[in-house]
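Read the structure below first, then the notes.
Derivation of every value follows stated rules applied to the coordinates shown; laboratory data play no part. Everything numeric here is computed off the predicted structure, so don't read it as measured data. Backbone-built Cβ (ideal geometry, glycine too); neighbour counts: all protein chains shown.
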Amino acid sequence: MTPRRVSVVGGGIIGLSIAWECRRRGHEVTVHDPDPGNGASHVAAGMLAPVGESYFGERELTELLLESARRWPAYARELAAASGRELGHRTEGTLQVGLTADDLAQLRRLWTHQRELGTPVVSLDSEQLREREPLLHPRARGVLVESDHQVDPRRVVAALRTLVPVRPTAIGSLTELDADADTVVLAAGCASAALAGLPVRPVQGTIVRLRGPVVLRHVIRGYADGRAVYLVPRADGEVLVGATVEERADGHATAAGVRDLLRAATDLVPELGEHALVEVSTGHRPGTEDNGPIVGELETAGARAPRLLVATGHYRHGVLAAPYTAHAVADLVDGRALPLLWAPFTPQRLSAGGAR
Ligand code: GLY
């Protein structure tokens, strides 16, 4: 294998993971980002939830995400060992719960779908649910998804940054990198649209961070009187409440969005009402027309232009998909083919081409 000079555009969790994997395989790598780790990765809750986030009509995406979830435990161990940092990787599982009969009707359809995909969903009676999470509202009913875990994306970014060099350069055009690299990897999330004409759109999300004495043991997600919500407890007492899903990109959290998140959170776990509200953050998920990521090679204009690889459009799944994306892109850098599970997610499937 020939060592490559790789420039990665984008220092979020996807770009940094790719950079680390390429370095581990012996390539020379530089990441370009004026504000590394401060985009979607800074806002994300870090649920590793291929089951909780599997939706109707997305079988191939779920298979890809399940494979990335299988890789996370080893990835977290290796990253923690290489960086000497703790990543907040927690494996207690996720409770999927609802409060009202309508909430549970929605969830039952989802659980049937998740079981049809072969994913593990364990029914709990109300006593078992209360044993696992005593602070849940007594009317809550639900299931345990043992395999849906969590990690703290801010810690992951900090760990990766100890392992890969980042230049604080803002890249206005990919041709700026022609002299620096023989391979360019575009991993710039929503900015990939302007840089390569890829059909990626910002889907805004707001997350609220609470802090207090109440300790939740599991990630909890589901519906509270029709409001979708997830609660992600960190070991240090922080609880993330997410997230809005908005087709806009102004970066403003709205009062109504925050109100709905807090109402759903306190309906499910009333004691969260006593917590301090410590942060409201808003970010942009890189959404695509079919909710799948975009990973593969783009044609370049000139014979002497660097090879152009892309890894973007991870929408709701950037943190979960990072280890497997890094592996797939590093295979391309090595001159190998993409792993088969990635075949449905190349740029060639998209309605807009993406040549530069
Ligand atoms: N993956 C959670 C979210 O996008 O809100």
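The figures follow:
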{"quantity": "The chain: relative contact order as a whole-number percent, Cα under 8 Å and 6+ apart", "calculated": "25 percent"}
{"quantity": "In degrees, nearest ten, helix 59-83 long axis to first principal axis of the chain (Cα)", "calculated": "80 degrees"}
{"quantity": "Mean projected area in nm² (Cα convex hull; one quarter of hull surface) for the chain", "calculated": "16.9 nm²"}
{"quantity": "Least to most buried among THR325, THR266 (fewest other Cβ within 10 Å first)", "calculated": "THR266, THR325"}
{"quantity": "Largest-first principal axis extents of the Cα set of the stretch 87-239 (Å)", "calculated": "64, 33, 28"}
{"quantity": "Diffusion coefficient, µm² s⁻¹, Stokes-Einstein with Kirkwood Rh over alpha-carbon pairs of the stretch 1-155 at 37 °C and 0.692 mPa s", "calculated": "184 µm²/s"}
{"quantity": "Enclosed volume per residue, in Å³, of the convex hull spanned by Cα atoms of the stretch 135-221", "calculated": "209 Å³"}
{"quantity": "Percent breakdown of C-alpha pair distances by 5 Å bin, ordered from the shortest bin, for the stretch 221-356", "calculated": "2, 8, 15, 15, 14, 12, 10, 10, 7, 4, 2, 1, 0"}
{"quantity": "Between the stretch 14-63 and the stretch 202-229, the Cα center-to-center distance that results, in Å", "calculated": "21 Å"}
{"quantity": "Directionally averaged projected area (convex hull, Cα atoms, the stretch 147-198), nm²", "calculated": "5.7 nm²"}
